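A.B. asks: This is the structure I have questions about; it appears just below.
Here, each number is a calculation from the coordinates, and none is a lab measurement. Quick caveat: nothing in here was measured; it's all calculated off a predicted structure. Counting neighbours? That spans all protein chains shown, and the Cβs are built from the backbone with ideal geometry, glycine included.
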Amino acid sequence: MNSLGPLNDGGRVIIIGGGPSGVACALALQRLGNESGRHLSITIVEGKEFVGERHYNTCSGVVSPPLAELLETDLGLPFPYHLSRSRISGYVLHTNRAEIRLDDPDKSCIALRRIQFDAYMLEAAQQRGITVEPVRAMDMEFHDDRVIVYTDGVPVEGDVVVGAFGMDEGTAALFARQTAYRSPWSLSAVVTKYHPGLEAMTEFGPYIHAFLPGDARIEFGAVTPKGNHLTINIGGLSVDSDIMAAFLNYPAVSGVLKGMEFARRIDDNDLRFYKGRFPNSQAENYYGDRFVIVGDAAGLVRAFKGKGITSGVSTGIRAAKTMIEHGISKAAFHEHYRAANQDIIGDLPYGRFVRLLAINMGRIGWMDAVIYAAQNDQRLQDALYDAVSAIAPYQSVLKNAMNPTSVLGVLKHLFTRRA
């Protein structure tokens, strides 16, 4: 195929990255192609081995609607409820001096092992006849009539290449050398896990504990129950192992962990620290002639909390629809793919504002007043839940939080404490 129009019968697509966004794009392409009588050749290039859990993903693995609907309706893939580690009942939000429990009205959030979810998705693609090459992309060439992806195995040729590589700096550099693509700005994350024993896990309960510790180095932290263990993560501009060690000893955190004996390691992998990054801005030039970037690599995630799996699957599906229905040119992606993602793009400024507001209010102690005021203010509770869970748009979070009654309640507690 030489044109930049919609993919024709026999069209060839290369997807770099076998995570949820890449696999969702592949499955959507195949399904949409079959529905329109077009057989596509789809190749996923993925160097990691998800089966056997040889890799650790720093994603906390908490999923919520509409992910199940996206998988089942748009991809014809059953949601893997069998991979669930915990059904999450809500969040407990902590500052240094205050806390509030925020219940999930639908009890719809599920904690699962991200590496197992990735393996499930990739296996589904293979079972449907999509080629998966277990190699790493090493270089690329863009020509008028094709794209060539060079790997550490055999080269792969296609009509278009999809970047679904998350925050992999090496693959980002490949696109940056050949196109005007520039990676999104990102924050660093440190993740660890701990097996406290079944009795302690039962006592911990089905709530995610989220923290705004007031430490300038840490934007947020969380302790998430996942079946037989706790996943503990922090995020910030440059968090590291020392900062994670300090976080574990903060009074609010140690109070939640209730003096768990960290020296008594039930699992050999307990308290090993893993480091990663996640985007906090939109990438530059994330589409062009014969290429499109999806998910984290495009920075198309919910600000502050991410909700990366759902966003990745959504953007993968939207990229597939654009290629099938409109084309693989920069103009097609700009007019249709970018427009389809306006729910994410349009909410980014509000999300950034909420993020900066929460961080700065936490550092000067004002978030305590917000939590005190929310104890008897359902609308403010809803705003806090939506903000910490990333389920609702941040524009609606601000609308709920900034209503006059809630603002007056926060000011009342703020000045009462000062007096």
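A.B. asks: Can you run phi through the Karplus equation (6.51, -1.76, 1.60; θ = phi - 60°) for the stretch 250-257 and list ³J(HN,Hα) in whole Hz, with x for Gly and Pro?
C.D. replies: Those phi angles translate into 4, x, 5, 6, 5, x, 5, 6 Hz.
A.B. asks: With the cut-off at 1.5 for a/c, could you classify the stretch 187-277 from its C-alpha gyration tensor as rounded, prolate or oblate?
C.D. replies: Cα axes put the stretch 187-277 in the prolate bin.
A.B. asks: Further question on the same structure: Of the DSSP beta bridges with both residues in the chain, give the percent that are antiparallel, rounding to the nearest 5.
C.D. replies: 70
A.B. asks: Could you please state, rounded to a whole Å, how far the C-alpha centre of the stretch 178-210 is from the C-alpha centre of the stretch 127-145?
C.D. replies: 30
A.B. asks: Is the C-alpha gyration tensor of the chain telling us rounded, prolate or oblate? Criteria: a/c under 1.5 is rounded; beyond that, a/b larger than b/c is prolate, otherwise oblate.
C.D. replies: Since a/c reaches 1.5 and a/b is larger than b/c, the shape of the chain is classed as prolate.
A.B. asks: Then there's this: Compare His82, His209, His94 in a GNM of the chain, Cα atoms joined below 10 Å, and give the one with the largest fluctuation.
C.D. replies: His82
A.B. asks: For a quick check: with amide H placed at 1.01 Å from N, whose amide H comes under 5 Å from Arg136's, ignoring anything fewer than 5 positions away on the same chain?
C.D. replies: Amide H to amide H, under 5 Å and 5 or more residues apart or across chains, Arg136 pairs with Asp152, Gly153.
A.B. asks: Taking 7 Å along the Cα-to-C-beta vector as the label spot, tell me the Thr131-Arg101 distance in nanometres, rounded to one decimal.
C.D. replies: 5.5
A.B. asks: In terms of modelled amide H atoms, which long-range or inter-chain residues lie less than 5 Å from the amide H of Leu102?
C.D. replies: Residues meeting the amide H criterion: Tyr91, Val92, Leu93.
A.B. asks: Across the stretch 342-351, in residue order, what do the Karplus-derived ³J(HN,Hα) couplings come to in whole Hz, using 6.51 cos²θ - 1.76 cosθ + 1.60 with θ = phi - 60° and x for Gly and Pro?
C.D. replies: Ordered by residue, 3J(HN,Hα) equals 5, 4, 7, 4, x, 8, 4, x, 5, x Hz.
A.B. asks: Separation between the Ala200 and Arg177 pseudo-spin-labels, each 7 Å from Cα along Cα→Cβ, expressed in nm?
C.D. replies: About 4.7 nm, to one decimal.
A.B. asks: In sequence order, what are the phi-derived ³J(HN,Hα) couplings for the stretch 120-131 according to the Karplus relation 6.51 cos²θ - 1.76 cosθ + 1.60 with θ = phi - 60°, rounded to whole Hz, with x for glycine and proline?
C.D. replies: 4, 5, 5, 5, 4, 5, 5, 5, 8, x, 7, 6
A.B. asks: For Asp152 and Asp240, what does the FRET efficiency come to when R0 = 51 Å and r is the distance between their Cβ atoms, rounded to the nearest 0.05?
C.D. replies: Step by step, r from the Cβ atoms, then E = 0.95.
A.B. asks: Assuming 0.36 nm per residue, please report the length gained on full extension of the stretch Asp343 to Gln395 beyond their Cα-Cα distance.
C.D. replies: Here the answer is 17.7 nm.
A.B. asks: Counting only residues 5 or more places away or on other chains, whose amide H sits under 5 Å from the amide H of Asp289 once H atoms are built in the peptide plane?
C.D. replies: Long-range HN contacts for Asp289: Lys330.
A.B. asks: Under 10 Å, Cα contacts only: if you run a Gaussian network model on the chain, which one of Ser281, Ser183, Ser41 comes out with the highest mean-square fluctuation?
C.D. replies: Looking only at Ser281, Ser183, Ser41, the biggest GNM fluctuation is shown by Ser41.
A.B. asks: Continuing with this model, one more query. Looking at the stretch 29-109, which trypsin sites (Lys or Arg not before Pro) are in a loop (DSSP not H, G, I, E or B) and have at most 11 other Cβ atoms within 10 Å?
C.D. replies: Counting only loop positions with at most 11 other Cβ atoms within 10 Å, the trypsin sites (Lys or Arg not before Pro) in the stretch 29-109 are Arg54.
A.B. asks: If you find the alpha carbon centre of the stretch 369-419 and of the stretch 106-125, how far apart are they in angstrom?
C.D. replies: Each part reduced to its Cα centre gives a spacing of 32 Å.
A.B. asks: Also, quick follow-up: On a C-alpha basis, how far is the centre of the stretch 301-368 from the centre of the stretch 15-46 in Å? Whole number, if you could?
C.D. replies: The two parts, judged by their Cα centres, are 22 Å apart.
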